[in-house]
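A short write-up of the structure that comes next.
Laboratory data are not the source of any read-out in this text; all were calculated from the coordinates shown. Everything numeric here is computed off the predicted structure, so don't read it as measured data. So basically every Cβ, Gly included, is an ideal-geometry build from the backbone, and we count neighbours across all protein chains shown.
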Number of protein chains: 2
Amino acid sequence: MAELRAHDAGSCRKVDDGMARVFQLFGKRWTGLIVAVLLPHPLYFADLRRAVPGISERMLSDRLTELVSAGLVVRDVQAGPPLRVSYSLTEAGAALEPALKKLRSWADKHLPADPYGSSELRK
Amino acid sequence: MAELRAHDAGSCRKVDDGMARVFQLFGKRWTGLIVAVLLPHPLYFADLRRAVPGISERMLSDRLTELVSAGLVVRDVQAGPPLRVSYSLTEAGAALEPALKKLRSWADKHLPADPYGSSELRK
């Protein structure tokens, strides 16, 4: 009977709505890393791509489009020649810093270093 | 010239290794949500599936296997009948709570509510 009650309590639980929104965005490969590398200062597309080893041009472009439409990143076109496009965090994007730092220090303590190195992020 | 230096500084930046490990795990659909719903207490597989609307049985099983092998989740088989399997967070998994709370409160402030509701998490 206690077993049954425990089951009922469990079956009622639903994922929190705010949490669902967070991971709708960050539960995709690369998104978190792109925000993380933009934290210190804006980057040009090519530099951003170099900063996230393994990401394809297409994937970076898609993720940036999502981040722009979620209001976390701003795209800035600088008239050339050469014409250059840089990306920076909005206030909302920059406001992720404390959460990302907490994740980072959690990883130091609880996620062993990847023996393959960060350049081989696997799917 | 200043432009060039800025470019060089940018091109040297690399994503942080700990951050890469964090998002190697959480940059996958569902992983963060599964940890979040397990925070309050352990759940049986079926209850876990109900708590994360839209996840398939196969996907939940794959993600749990990854979380177990990363040391964040423990699988507990309770001899039956009926035989039941519950999942709970390890100390490392539970230690994510402060970071997840920060992400949650960030979402409240900066991520507008999903007009489709959490039951329609889109790819």
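Across region B:78-93, coupling constants 3J(HN,Hα) worked out from phi with the 6.51/-1.76/1.60 Karplus curve, θ = phi - 60°, read 9, 4, x, x, x, 5, 10, 10, 10, 10, 9, 7, 7, 4, 4, x Hz, and Gly and Pro carry x. In terms of Cα atoms, the Rg and Dmax of region B:27-111 work out to 13.4, 48 Å. With label points set 7 Å from Cα along Cα→Cβ, the inter-copy distances at residue B:57 are 4.5 nm, sorted shortest first. Counting only lysines at least 8 places from residue B:14 when in the same chain, those with an alpha carbon closer than 25 Å to its own are A:28, A:101, A:102, A:109, A:123, B:28, B:102.
Gain in length, residue B:95 to residue B:74, computed as 0.36 nm per residue apart minus the alpha-carbon separation, to one decimal in nm? Please list the in-between numbers first.
Values: separation 21, 0.36 × 21 = 7.56 nm, distance 1.42 nm.
Contour length minus Cα-Cα distance gives 6.1 nm.
Kindly put A:90, A:65 in sequence by how many other C-beta atoms sit within 10 Å of each C-beta, fewest to most. Before the final figure, lay out each step's value.
Numbers: A:90 15, A:65 12.
Lowest count first: A:65, A:90.
The amide H of residue B:43, built 1.01 Å from its N in the peptide plane, has B:87 as neighbours under 5 Å, considering only residues 5 or more places off or on other chains. Spacing of the modelled spin labels on residue B:105 and residue B:88, each 7 Å from Cα toward Cβ, amounts to 2.8 nm. Across region B:37-48, computed HN-Hα scalar couplings (Karplus, 6.51 cos²θ - 1.76 cosθ + 1.60, θ = phi - 60°) run 6, 7, 4, x, 5, x, 9, 6, 3, 5, 5, 4 Hz from first to last residue, x flagging Gly and Pro.
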